[in-house]
1. Note down, for the chain, the three equivalent ellipsoid semi-axes (square root of 5 times each alpha carbon gyration tensor eigenvalue), biggest first, whole angstrom.
2. What is the diffusion coefficient of segment 57-210 in µm²/s, taking the Kirkwood radius over Cα pairs and the Stokes-Einstein relation at 37 °C with a viscosity of 0.692 mPa s?
3. Students sometimes get this wrong: rank Tyr183, Tyr120, Tyr263 by accessible area, probe 1.4 Å, all chains present, largest first.
4. Can you give the calculated 222 nm mean residue ellipticity of the chain, where each DSSP H run of n ≥ 4 adds -39,500 (n - 2.57) and the sum is split over every residue, rounded to the nearest 500 deg cm²/dmol?
5. Determine Rg/Rh for segment 157-199; Rg is computed over alpha-carbon atoms and Rh is the Kirkwood hydrodynamic estimate from the same atoms.
6. Please state the relative contact order of the chain as a whole percent: Cα pairs under 8 Å, 6+ residues apart?
7. At 1.4 Å probe size, with no ligands or nucleic acids counted, give the accessible surface of Asp175 in Å², nearest ten.
8. Would you kindly state how much longer the chain becomes between Leu185 and Ala291 on full extension, computed as 0.36 nm times their sequence separation minus their alpha carbon distance, in nm to one decimal?
Amino acid sequence: MTTHVAEHNYISASARLREQLLAGLPVTHRQLHLAGVSTAVLEGGAGAPMVLLHGPGGNAAHWMQVIPELVTSHRVVAPDLPGQGASEVTEGALDADRVLAWLGELISRTCASPPTLVGYALGGAIAARFASEHSGQISRLVLVDSLGLSPFQPAPAFGAALNDFRALPSERTHDGLWQHCAYDLDGVRRRMGPRWESFKSYNVDRAQTPSVQAALGALMQLFGLPAIASADLARIAATTTLIWGRHDLATPLPVAEAASARYGWALHVIDNAADDPAIEQPQAFVRALRAALGSPSASEQGTKP
């Protein structure tokens, strides 16, 4: 009985942190069962569909800085990746085919037409692999500081901070890692205001959860650490755009420049950002994303007669 109560209280505390993080965002939440994964999905807006896949150890709230703008023109669908955030792997173990099947089911259940698929870091590697095999199910592909374009070999200081956080998740090691994830962490904190504390607390909470750690390890082994074969990337038929932080220490800008040159993909570089431009420079990120889609921002729309 004591164990059950403690577990219930822990889950409730995690849910409260998530509610705080999502408070005020123009989205609704639902839970979908997809490929044996109870999947937390945020949805909002109307228009052409756009699916947003977050990065390693994150959750759909990663996109909180850009969702309010994106829902003005698109139907936005942002899931927690399998085993991450509030998504739970309920059947068996994760493998690559199952993760790609999960994404295919997500698209078919939530999108009335082929969506723009936007993937950040680990989400980018999953999106690229999906696009190489199922380009007909998406309209466009946008890779944001994506893993999978080269073997994962971060700068030594970034790698050390990442290992510290994975080994002992805490507010201290979280901030230590974010000193390398952000070009200007103090600026990120100022812009996010009180939401930064909820963001940090939920990230730490999830990183301390054994099932989340196990799922992240599997996803990184399957998608995040290895490079996708050049022949597979060359098969991507959907129009593809790269958006990259100029000061990325996890996957440096030359990786994106090489992919842009090799595959003919447009590249938008975000100044004053490291590996997470949607968090660090949300306005510049949205401008780059809209440029990739050929659509104006909400403010630009408002100036038209």
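The values are calculated or read from the model by the stated rules, or taken from the named source; none is laboratory data. Owing to the predicted nature of the structure, the values given are computational and were not obtained by experimental measurement. All Cβ positions, even for glycine, are placed from backbone atoms using ideal geometry, and neighbour counts span all protein chains on display. These accessible areas exclude ligands, DNA and RNA; they are computed on the full protein's heavy atoms, side chains included. Shrake-Rupley method; radii C 1.70, N 1.55, O 1.52, S 1.80 Å.
1. They are 27, 22, 21 Å, listed from largest to smallest.
2. Values: Rh = 17.1 Å.
Rounded, D is 192 µm²/s.
3. Tyr183, Tyr263, Tyr120
4. Value at 222 nm, helices only: -14000 deg cm²/dmol.
5. On the way: Rg = 10.6 Å, Rh = 10.7 Å.
Checking Rg against Rh, the ratio lands at 0.99.
6. 19
7. For Asp175, the solvent-accessible surface is approximately 30 Å².
8. 35.5 nm
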